[in-house]
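Take a look at the structure set out below.
Quick note: the coordinates plus some simple rules give every number you see, no bench work behind them. Keep in mind it's a predicted model, so treat the numbers as computed, not measured. Neighbour counts run over all protein chains shown; Cβ positions are idealised from the backbone, glycine included.
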Amino acid sequence: MSVDREERARMASMVAKIARDLGIPCKVEEPLGPHTTMGVGGPAPCFLEPTSAGILAGLMREMAAAGLPFRILGAGSNLIVDDRGLSTPVISTASLSGEPERRGESVRAPAGMLLPRLVRRMADEGLGGFEFLEGIPGSLGGSLSMNAGAGGRWIGDVVAEVETVTPAGEIGSHRPGQEEFGYRRSFVSQQGRIVTSTTLRGRADEPQAIRERIRDSRAYRVATQPLSERSSGCIFKNPDGDSAGALLDRLSLKGLSAGGAIVSERHANFIVNRGGSCDDILRLIDLMRERVRQQAGIDLQLEVVVWRDR
Ligand SMILES: Cc1cc2nc3c(=O)[nH]c(=O)nc-3n(C[C@H](O)[C@H](O)[C@H](O)COP(=O)(O)OP(=O)(O)OC[C@H]3O[C@@H](n4cnc5c(N)ncnc54)[C@H](O)[C@@H]3O)c2cc1C
């Protein structure tokens, strides 16, 4: 056994023991591709699914005491994971689940809840104001971390309170100000906190009116995004004063490919995965960046998060 494999096995057994003691489901050598919308990614040495903030806090304390690294996975809709896998344990928030609780014109929901489900559930209850989030296939926690948004609005605009666990295992709640959110960043990502639940501020409305706005937003996405294919949403952030998608389109990059990774014909800032590998996708990203640098003199920055050891 090589030193790397020995170290990996040693870490996996330490994490598995901590998980067992805390009653947390733990899978060993779990492939990550199926946990992402792009569909690529090799195994994590351990894959843990804590079911509550208290259990997650206990896990964090034990892992911190043992000096163990970790990564947090939401719905995997903004992630590209190395085919060779990772050396760090992965903690999934999928089991931080449960029903959203409506409180007047607000709703408190668990971090693992998917945005489309939350938005539709609230439409049925006559709580609107979140329709712009409907087509974003992320979890509530991942969307807070990324300050996800669409149509010029961000989730940070409607957040009232965020409950988090720190890497040291402290549970806390925070009422963030607008300045704690920015373009695809938030205090969550900047401070390395883990979101366990969030309260969003909406406004009461007729369910039918909310459903119509959801239908409009869905129709726009269906017309402009490759929703039937594997992707991770927009690859690059918008450069100052321009849209990355429009820029890539102007440079005729639609259809450019590397192996099974192809720039979508429907949206030039989406890469669709037709049986490609993580390496194909990263090669295509480099090609796109290089073309934009050479032909427009712009250095595009990644919006997607890439997980790889080196
Ligand atoms: C078809 C499609 C359309 C999309 N459209 C949009 C769009 O319109 N607007 C937009 O903003 N995005 C869009 N996205 C991208 C993506 O859905 C969002 O960025 C989403 O918010 C990511 O959430 P997630 O749960 O999937 O996070 P993941 O991809 O699992 O993780 C993303 C990051 O968040 C961190 N994270 C995850 N959960 C937590 C948590 N509980 N606490 C702390 N950190 C956490 C992860 O560690 C990682 O760094 C789209 C993606 C697809 C596939």
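Model label points for residue 105 and residue 301, set 7 angstrom from Cα along the Cα-to-Cβ axis, are 3.4 nm apart. Overall, the anisotropy analysis places the range 3-92 in the oblate class: the square-rooted eigenvalues a ≥ b ≥ c of its C-alpha gyration tensor yield a/c not less than 1.5, with a/b not exceeding b/c.
Which length gain, in nm to one decimal place, applies between residue 153 and residue 170 when the Cα-Cα distance is subtracted from 0.36 nm times their residue separation? Each step should come with its number before you reach the end.
Working: separation 17, 0.36 × 17 = 6.12 nm, distance 3.08 nm.
Between residue 153 and residue 170, full extension yields an extra 3.0 nm.
Inverting the pair-averaged 1/r between distinct Cα atoms of the range 228-307 gives 12.3 Å as its Kirkwood hydrodynamic radius. Our helix-only sum for the chain, with -39,500 (n - 2.57) per DSSP H run of n ≥ 4 divided by its residues, gives a mean residue ellipticity at 222 nm of -10000 deg cm²/dmol.
At full extension, residue 222 and residue 204 could sit 3.8 nm farther apart than now, given 0.36 nm per residue minus the alpha carbon distance. In the range 101-223, the convex hull through the Cα atoms has an average projected area of 7.1 nm², a quarter of its surface area. Highest mean packing comes first when the peptides 30-36, 66-72 are listed by Cβ atoms within 10 Å, giving 30-36, 66-72.
Remind me, relative contact order of the chain in percent, using alpha carbon pairs under 8 angstrom and six or more residues apart?
Computed value for the chain: 17 percent relative contact order.
Modelled this way, with points 7 Å down the Cα-to-C-beta line, the labels at residue 191 and residue 179 are 1.5 nm from one another. A cut-off under 14 angstrom between Cβ atoms defines the neighbours of residue 15, and their net charge, with Lys, Arg +1 and Asp, Glu -1, is +1.
Projected onto planes of every orientation and averaged, the convex hull of the alpha-carbon atoms in the chain covers 16.4 nm².
Positive contributions from Lys and Arg (+1) and negative ones from Asp and Glu (-1), summed over other residues with Cβ under 12 Å from the Cβ of residue 295, come out at +3. DSSP beta bridges fully contained in the range 5-164 are about 70 percent antiparallel.
How much FRET efficiency would the formula 1/(1 + (r/R0)^6) give for residue 7 and residue 117, where r is the Cβ-Cβ distance and R0 is 35 Å, rounded to 0.05?
In this case the efficiency is close to 0.35.
Relative to the present Cα-Cα distance, how much length would full extension add between residue 161 and residue 294 at 0.36 nm per residue of separation?
Working: separation 133, 0.36 × 133 = 47.88 nm, distance 4.40 nm.
Value of the extension gain: 43.5 nm.
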